[in-house]
Amino acid sequence: MALINTDTTKVLLPRNIADGVIKDTISESTVAKLSGREPQKFGDIDYLVFNGTPKAEFVKEGGEKASTDASWSSVTAKPHKAQVTLRFSQEVQWQDEDYQLGILTELGNAGAIALSRALDLGLYHRINPLTGAAIDTWTNYLTATTNKVELGTTPPDEALRSAVGLLRNQAKPKNINGFALDPAYGWLLANVKNDKGELKYPNLGFGTDITSFMGVPTALGDTVSGRPEAKDTGIRAIVGDFKDGIRWGVQRDIPVELIRYGDPDGKGDLQRKNEIALRLELVYGWYVFTDRFALVTTTPDVG
């Protein structure tokens, strides 16, 4: 039986491919590497936030009990749908199962990479990956934080330490349990030298596969700077509380859709071009506590 059935609009990915899409989507994302995914229902998700620090009270025998001044508030994680649409020649509908399986595998691989990058680009920068433009209606995104350190001529490890200091040197210090670094910043860290001209962090190698720095879990990804989908944001490092400062999940996995008619992606009528389209969609939900993060920034190169 054909995998891409001409009599239906739904294509079910084989289980090993479908599972791989979700697994690869999670493993490719710097957000997912540093911040745990949680189950979410579809739609707006409200999270209770405890404001202030509760204080215990010693009560003498027979004495009255007082209440704490701390209070509750709430924040809302919004759903964000991401999709990947790929066009193929109509002839794939009439090929044998092995050929069609190859097409679906290719779709799964491409979709996993695109959807993982979409999570980072949307959550970090509110960037639409396809156009590279900011989505102005999104008000909750990580790089809206006001905690910033300009790299300039400062050694990269000192700049990173200063960013940590912005979060730790507060009346209520923020937790530091993750570094997301642009690959270019990983290279800078790996090349820092001490006063003797020796590499300060030889364990970083060439800075291409950093998973930990100064005991803090670390992930490398060019989505930190927004490239190549968008113009360089100038952001080179994101530090902060990835464990509790980000609440995110996959709200809904949508089956692959077979589209045989119309112009689903603005590239012309499918029938006229003798093509079909396969579309893979995923719905994320997230909320970012921006005050729990700090950025190391630089002035992007022009041109």
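Tell me, what % of the accessible area of the range 170-255 is carbon and sulfur with a 1.4 angstrom probe?
On the range 170-255, the fraction of accessible area on carbon and sulfur atoms equals 52 percent.
Throw me the Rg/Rh for the range 80-204, computed over C-alpha atoms with Kirkwood Rh, two decimals.
My calculation puts Rg/Rh at 1.15.
Go through the range 153-165 residue by residue and turn each phi into a ³J(HN,Hα) via Karplus (6.51, -1.76, 1.60, θ = phi - 60°); whole Hz please, and just put x for glycine and proline.
After applying 6.51 cos²θ - 1.76 cosθ + 1.60, I find 9, 5, x, x, 6, 6, 5, 5, 5, 5, 5, 4, x Hz.
Would you grab the residues whose amide H sits under 5 Å from the one on TRP138? Only those 5+ places off in sequence or on another chain, please, with H modelled 1.01 Å from N.
Residues meeting the amide H criterion: none.
Keeping every protein chain present and rolling a 1.4 Å probe, give me the accessible area per residue for the range 144-303 in Å².
Per-residue accessible area for the range 144-303 comes out at 50 Å².
Amide H neighbours of VAL149 under 5 Å, at least 5 residues apart or on other chains, H built in the peptide plane: list them.
The answer is LEU295, VAL296, THR297.
Can you compute the modelled spin-label distance between LYS172 and ASP209, with each label point 7 Å from Cα toward Cβ, in nm?
4.1 nm
Going through the cross-link list LYS148/LYS193; LYS172/LYS200; LYS60/LYS172; LYS33/LYS55; LYS148/LYS172; LYS60/LYS174, which pairs have a Cα-Cα distance over 27 Å in this structure?
LYS172/LYS200; LYS60/LYS172; LYS33/LYS55; LYS60/LYS174
The values are calculated or read from the model by the stated rules, or taken from the named source; none is laboratory data. Just so we're clear, the structure is a prediction, and the values are computed from it rather than from any experiment. Backbone-built Cβ (ideal geometry, glycine too); neighbour counts: all protein chains shown. For the accessible areas, the whole protein counts, side chains as well, though only heavy atoms, and no ligand, DNA or RNA atoms are used. Shrake-Rupley method; radii C 1.70, N 1.55, O 1.52, S 1.80 Å.
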